[in-house]
Protein chains: 2
Amino acid sequence: MRYELHYWPGIQGRGEFVRLALEDAGAKYRDVWRESDRLSPHRQAFAPPYLKAGRLIIPQTANILLFLGPRLGLAPKSEAARLHLHGQQLTIADWLAEVHDTHHPIASSLYYEDQKREARRRSRIFLAERLPKFMRYFEREADAKFSYVHLSLFQMIEGLRYAFPRAMSRSESKFSRLQRLHDRVAARPRLAKYLASERRIPFNQQGIFRHYPELDAR
Amino acid sequence: MRYELHYWPGIQGRGEFVRLALEDAGAKYRDVWRESDRLSPHRQAFAPPYLKAGRLIIPQTANILLFLGPRLGLAPKSEAARLHLHGQQLTIADWLAEVHDTHHPIASSLYYEDQKREARRRSRIFLAERLPKFMRYFEREADAKFSYVHLSLFQMIEGLRYAFPRAMSRSESKFSRLQRLHDRVAARPRLAKYLASERRIPFNQQGIFRHYPELDAR
């Protein structure tokens, strides 16, 4: 099976959570919008990313990983284990949406500059209350059997370090299992190769993780 | 199987999407936090709701419905159909989160009164851009074979009518299939009985759908 990932070409964004799974598993896939430089939305997907797998069109990041997990050897096949991992992946999706809203608390369709004051308020509370709550929750899961959820947690930590370097350098040491998980994932041979390649889009100020120093901890 | 729903007792909230499925199917369940008046969070769930099904603990609303769907006769058993419905349910979850953020754009932990100005800005754009986009997407799916997704769409329309009566009365007529879907769902015998019962918590100002006239269309 050759998969087709459909996602914005210039950012890591939500598509990156799918790319990490495909790359770590050494799966064959086309990154269609990047390769063709043509955007092809699909009516079955409210928004990208969506995955094409044969005739199937699968929208929503967590849904894609639910589908790919057992096929790529990144999730057990039992229903109980799959539901457990999917519950965690959906919580990562919630976390990611909150990260996005630190710089866009009013509307995605407005520039950051037009919601800067609100972004400052939202970020302050996110860093004080929400970030530690999510980190605490996932710290307990960091040592579980390897799965696609760990790839996504790696991406969250990478992104948060880019967006909030000061806040992360202060709070991360309290979550040593997540730190070790991050390093273990980064050292996986296929993933390390991917991360060093041109296929890995660098973080930038159009993505979900953005670095605005004024939003970081002081 | 007797299911256990664990969710805040005083609001419809996210738990209601699960209740509607259980009630429409005539399933046996306990609404534990309401019946015992005791909150029992579970470490596997970042936040309520979660469902207990035998030994399984299933967090995240859409995950619960993914599990319950085929068991309650509210979803086909084929993987393709389940992934399709789940993609839609996850889009409803995104929509619901945006509704929540119309009155709490800065933080859930602050009072509405402390983010009222930001709420006005966010609501204005939500009603102008996002609401019609979601309605358009689901209008196309309203006539599909009945499933738990339709129960959730019923709940979205009910809630939006409560929260934004002026905006909904103006825009709803453009989405006649969703209107008819709403009425068809409300007339389902077991559901009609549930909606008229005391088990249906009325909408209120602690829930996700809240009616603040200043946030509605003018």
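The values are calculated or read from the model by the stated rules, or taken from the named source; none is laboratory data. Not measured: the values here are computed from a predicted model. Heads up, the Cβs are rebuilt from the backbone with ideal geometry, glycines too, and the neighbour counts pull from every protein chain shown.
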Problem set entry | Among the candidates B:Ser109, B:Ser78, residue that is surrounded by fewer than 21 Cβ atoms within 10 Å (Cβ to Cβ) and within 9 Å of chain A (Cβ to nearest Cβ) | B:Ser109
For this session: Being in contact with a helix residue (DSSP H, G or I) (Cβ under 8 Å, 6 or more places away or on another chain) and within 9 Å of another protein chain (Cβ to nearest Cβ) is the filter; apply it to the range A:116-134 and report the residue that is surrounded by the most Cβ atoms within 10 Å (Cβ to Cβ).
Result: A:Arg122
For this session: Inspect the range B:155-177 for any residue being in a helix (DSSP H, G or I), among the small types (Gly, Ala, Ser) and within 14 Å of chain A (Cβ to nearest Cβ) and give the result as yes or no.
Result: no
Problem set entry | Residue check, B:Phe138 in contact (Cβ under 8 Å) with a residue 40 or more places away in the chain and among the hydrophobic types (A, V, I, L, M, F, W, C) | yes
For this session: Answer yes if at least one residue in the range B:141-151 is buried (at least 21 other Cβ atoms within 10 Å of the Cβ) and among the aromatic types (Phe, Trp, Tyr), and no otherwise.
Result: yes
Problem set entry | Filter result for A:Leu72 (more than 7 Å from chain B (Cβ to nearest Cβ) and more than 15 Å from the chain's Cα centre (by Cα)) | yes
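Yes or no, residue by residue, for (1) in a loop (DSSP other than H, G, I, E, B); (2) loosely packed, with under 13 Cβ neighbours inside 10 Å; (3) modelled with pLDDT under 95; (4) not polar (S, T, N, Q):
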{"site": "B:Arg180", "(1), (2), (3), (4)": "no, yes, no, yes"}
{"site": "B:Asp183", "(1), (2), (3), (4)": "no, yes, no, yes"}
{"site": "B:Tyr194", "(1), (2), (3), (4)": "no, no, no, yes"}
{"site": "B:Glu198", "(1), (2), (3), (4)": "yes, yes, no, yes"}
{"site": "B:Phe203", "(1), (2), (3), (4)": "yes, no, no, yes"}
{"site": "B:Gln206", "(1), (2), (3), (4)": "yes, yes, no, no"}
{"site": "B:Phe209", "(1), (2), (3), (4)": "yes, no, no, yes"}
{"site": "B:Glu214", "(1), (2), (3), (4)": "no, yes, no, yes"}
{"site": "B:Ala217", "(1), (2), (3), (4)": "yes, no, no, yes"}
Seminar exercise, completed: The number of residues in the range B:81-92 that are more than 8 Å from chain A (Cβ to nearest Cβ) and either aliphatic (A, V, I, L, M) or more than 16 Å from the chain's Cα centre (by Cα) (or both) is 4
For this session: Filter the range B:180-218 down to the residues that are over 23 Å from B:His103 (Cα atoms) and of a type in the set (Asp, Glu), then identify the one that is nearest to the chain's Cα centre (by Cα).
Result: B:Asp183
Exercise. Do you know which of the residues in the range A:34-66 that are among the hydrophobic types (A, V, I, L, M, F, W, C) and surrounded by fewer than 23 Cβ atoms within 10 Å (Cβ to Cβ) is farthest from the other protein chains (Cβ to nearest Cβ)?
Worked result: A:Leu39
Problem set entry | Close pairs from the range B:94-106: first more than 11 Å from chain A (Cβ to nearest Cβ), partner hydroxyl-bearing (Ser, Thr, Tyr) and part of a helix (DSSP H, G or I), Cβ under 6 Å, at least 6 apart | B:His103/B:Tyr112
Exercise. Quick check: anything in the range A:14-22 charged (D, E, K, R), surrounded by fewer than 17 Cβ atoms within 10 Å (Cβ to Cβ), in contact with a helix residue (DSSP H, G or I) (Cβ under 6 Å, 6 or more places away or on another chain) and within 21 Å of A:Val149 (Cα to Cα)?
Worked result: no
Problem set entry | Single residue of A:Thr102, A:Thr91 found to be hydroxyl-bearing (Ser, Thr, Tyr) and farther than 22 Å from A:Pro202 by Cα | A:Thr91
Seminar exercise, completed: Only one of (1) in contact with a Phe, Trp or Tyr (Cβ under 8 Å, 6 or more places away or on another chain); (2) over 23 Å from B:Leu160 (Cβ atoms); (3) charged (D, E, K, R) does not apply to B:Arg71, and that is (1)
For this session: Report the residue count in the range A:107-135 for those that are free of Cβ contacts under 8 Å to residues at least 24 places away in the same chain and under 19 Å from the mean Cα position of the chain (by Cα).
Result: 2
